[in-house]
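The next block holds one structure in the form of structure tokens; read it before the comments.
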Amino acid sequence: MKTLFKGGLIYDGTGRKPFKGDVLIEDDRIVKVAEKIRNKADKTIDISGYQICPGLIDAHSHNDFFYDRDDAEKFYRPFIEQGITTQITGNCSFSPFGMDKNTPHRDKIGGGLFDCKNPGSFADFKKRAEGNLFVNIVPLIGQGSVRAGMTGYDPAPYTKAQIEEELSYVREAMEGGAFGGSFGFMYEPDRYAKEDEIVAFAKEIAKYDGIVTVHPRANSIVSADYPLITKKSHLEMGVDEVVDIMHKSGCRMEYSHIIFVGERSWKLLGKLQKTFYREAFENGNPIAYDNYAFHYGASVITVVFPEWYAKLTPEEAKKPANRRKLELTILMYRKVLGIDWDDMVVAYISDDHPEYEGKTIPQCAAEEGLENLDMYLKLVELSNRAGSIYLGKYYNDDIVRSLMNDELSVFMTDAWIEDKGLQNIAAFQTFPQFFILAKKYGIPMEKIVRKMTGKTADRYKIPERGYLKEGYKADITVIDLDTMKVDESKPDFRPEGIVHVYVNGQAVMEDREYKGGKAGKVILKK
Ligand SMILES: [Zn+2]
């Protein structure tokens with residue numbers, strides 16, 4: 001089956017200036033890219049006035065946890081409707097493989113964020129996922145999930161023998177075709193891993209020329225996981241740790257979802273860039289990062305709890321002395337971080353309480369005549385401590401603009417579809433938002449497309465993807481920049497301006513209509 005895309009503006013993923021031309025695909029391969037293609041095709045699609053790009057690659061995803069659900073398609077569709085054809089998964093220390101299939105700790109493998117239905121080896125995952133994917137997946141193995149599979153949330157440091165066992169899972173995954181591994185130093189149980197275990201894991205990945213992605217220990221100027229008084233800001237200390245692991249292990253390193261939580265963290269952008277530029281450009285080390293397009297992200301409702309408060313029983317937590325201490329702690333974080341109650345939007349409390357969804361804490365508090373803290377604690381309780389929120393002030397416009405122009409960054413969503421409650425806008429509108437911002441900021445579109453395609457493919461060493469190039473896989477996204485539209489007031493708004501999406505030569509979106517189909521593959525490292 002030959003399909004000819006005729007008369008579009010070609011952005012080939014290399015970052016060079018676009019040119020008008022045609023793209024011919026046959027089955028799952030691109031066979032020709034040229035200014036005029038005269039070959040006969042079974043189907044010709046007129047794309048004049050549109051832009052044609054390689055299928056977009058989401059550099060940071062958790063969509064390896066949803067393919068085996070009965071309602072799997074709903075978890076992938078909004079990403080396809082953004083033009084995404086490939087997602088890099090297994091981030092933030094979480095992967096649904098890398099453990100014994102009979103592990104007694106199945107409930108801990110997703111760190112409380114994701115439900116792992118079918119734990120097992122990488123080979124098990126590959127077999128189960130193949131033929132059941134709506135987009136392509138580039139798998140990484142998460143250290144936290146390996147650790148959880150072995151010892152749950154046990155904080156004890158690992159012995160040499162335990163580290164050896166951990167590495168056996170890494171080897172199985174890397175030999176099977178995984179692209180690397182991930183850390184998530186803010187999450188249980190990965191936060192308990194000590195340096196020897198961390199470096200051993202990264203070294204094992206490096207042996208296979210894999211990449212290591214890291215959710216750092218701090219995302220703000222101060223954070224709960226470091227002592228309060230330190231020489232450097234906690235955000236910088238988190239970066240230093242990542243650089244140190246790279247030096248000690250020799251791995252290729254990706255600092256995941258670079259963010260600056262709270263207004264007072266924003267000023268650290270320059271300092272962080274300086275460190276990364278020194279490592280990458282002066283010292284020639286393989287380190288880089290990825291970023292979002294929106295100013296806020298999803299979190300659990302208890303995210304502002306200090307560790308001591310989180311450990312209290314509900315009765316203890318209600319004692320006035322503890323409430324007062326919590327109030328002071330939160331006040332301090334509000335001041336020091338530059339983040340406040342109105343930066344917190346309720347996403348989900350419980351099935352019985354949809355009335356709070358989409359409202360800020362002060363909005364809820366005003367309606368019920370409560371103080372902000374009391375309102376917040378009421379919501380925590382109503383949700384059984386399992387509610388979710390959107391937390392604001394990761395960035396301002398200048399930071400997003402700077403990161404979009406930054407040589408080291410590629411683009412990602414880090415979002416997933418929620419079963420209930422308010423959806424995360426990033427799961428629906430991130431990549432179209434990047435296109436719109438590029439226009440607004442005057443950033444050349446070829447540079448933006450490259451950060452969604454070729455650059456990402458190069459960084460993760462994804463074979464035969466990321467470029468419109470003869471012989472490459474037919475992942476194709478056709479967009480219409482003139483009608484590109486998002487709606488920040490509606491998180492689950494379906495963006496406009498994505499015209500055709502092909503995954504491995506199969507049309508999953510045609511003429512702006514979603515078609516779907518299990519066209520995705522588990523991509524394996526060569
Ligand atoms: Zn993360």
- prompt: Counting each DSSP H run of 4 or more residues in the chain as -39500 (n - 2.57), what helix-only mean residue ellipticity at 222 nm follows after dividing by all residues, to the nearest 500 deg cm²/dmol?
  reply: -9000 deg cm²/dmol
- request: Among the aspartates and glutamates, select those whose C-alpha is under 18 Å from the C-alpha of residue 319, and discard any that sit fewer than 8 residues away in the same chain.
  value: 307, 327, 371, 374, 381
field: Under the Karplus curve 6.51 cos²θ - 1.76 cosθ + 1.60, θ = phi - 60°, whole-Hz ³J(HN,Hα) for region 363-374, x wherever Gly or Pro sits
entry: 5, 4, 4, 5, 5, 9, x, 10, 6, 4, 5, 5
- prompt: So what's the convex hull volume per residue for the Cα atoms of the chain, in Å³?
  reply: 144
query: Assuming R0 = 30 Å, what is the FRET efficiency of residue 350 and residue 328, from their Cβ-Cβ distance, to the nearest 0.05?
result: 0.55
task: Starting from the Cα of residue 518, draw a straight line to each of the lysines and keep only those under 19 Å, dropping any in the same chain fewer than 8 residues away.
output: 74, 126, 127, 473
- prompt: Net charge near residue 105, counting Lys/Arg +1 and Asp/Glu -1 over other residues with Cβ under 15 Å of its Cβ?
  reply: -3
query: Which of the peptides 80-92, 276-288, 242-254, 332-344 is most tightly packed, and how do the rest follow, going by the mean number of other Cβ atoms within 10 Å of each residue?
result: 80-92, 242-254, 332-344, 276-288
query: Given the convex hull over the Cα atoms of region 301-391, what projected area results after averaging over all orientations, in nm²?
result: 5.6
task: Within 10 Å, count the other beta carbons around each residue, average over each peptide in 480-492, 129-141, and list them highest first.
output: 129-141, 480-492
- prompt: Taking amide hydrogens as modeled 1.01 Å from N in the peptide plane, which residues meet the under 5 Å criterion relative to residue 339, leaving out close sequence neighbours?
  reply: 263
query: Using mean Cβ contacts within 10 Å as the protection proxy, how do 304-317, 451-464, 423-436 order, highest first?
result: 423-436, 451-464, 304-317
message: What is the distance in Å between the Cα centroid of region 267-307 and that of region 39-56?
response: 37
message: Straight-line reach only, C-alpha to C-alpha below 14 angstrom: list the aspartates and glutamates that residue 525 could link to, leaving out same-chain residues fewer than 8 apart.
response: 172, 175, 209, 458, 464
- line: So for R0 = 22 Å, FRET eff. of residue 513-residue 118 from the Cβ-Cβ r, to 0.05, ends up at 0.10
field: Label-point separation, residue 230 to residue 374 (7 Å along Cα→Cβ), nm
entry: 3.7
task: Take every DSSP beta bridge with both residues inside the chain and express the antiparallel ones as a percent of the total, to the nearest 5.
output: 55
task: Using the Karplus curve 6.51 cos²θ - 1.76 cosθ + 1.60 with θ = phi - 60°, work out ³J(HN,Hα) for each residue of region 311-321 in order, rounded to whole Hz, and write x for Gly and Pro.
output: 7, 5, 6, x, 5, 4, 4, 7, 4, x, 4
task: For residue 472, enumerate residues with amide H under 5 Å from its amide H, sequence gap 5+ or separate chain, H modeled in the peptide plane.
output: 30
- line: Volume per residue (Å³) of the convex hull spanned by the alpha carbons of region 13-109 is 172
- request: Would you pull out the residues with amide H under 5 Å of residue 415's amide H, same chain only if 5 or more places away, H placed 1.01 Å from N?
  value: 62
message: Just to check I understand the Karplus step: with θ = phi - 60° and J = 6.51 cos²θ - 1.76 cosθ + 1.60, what whole-Hz values come out for region 136-152, glycine and proline as x?
response: 6, 10, 10, x, 10, 9, x, 4, x, 6, 4, 5, 4, x, 7, 9, x
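Only the coordinates and a few stated rules stand behind these numbers; no lab work does. These numbers come from a predicted model, not from an experiment. Methodologically, a virtual Cβ is constructed for each residue, glycine included, from the backbone with ideal geometry; neighbour enumeration extends over all protein chains shown.
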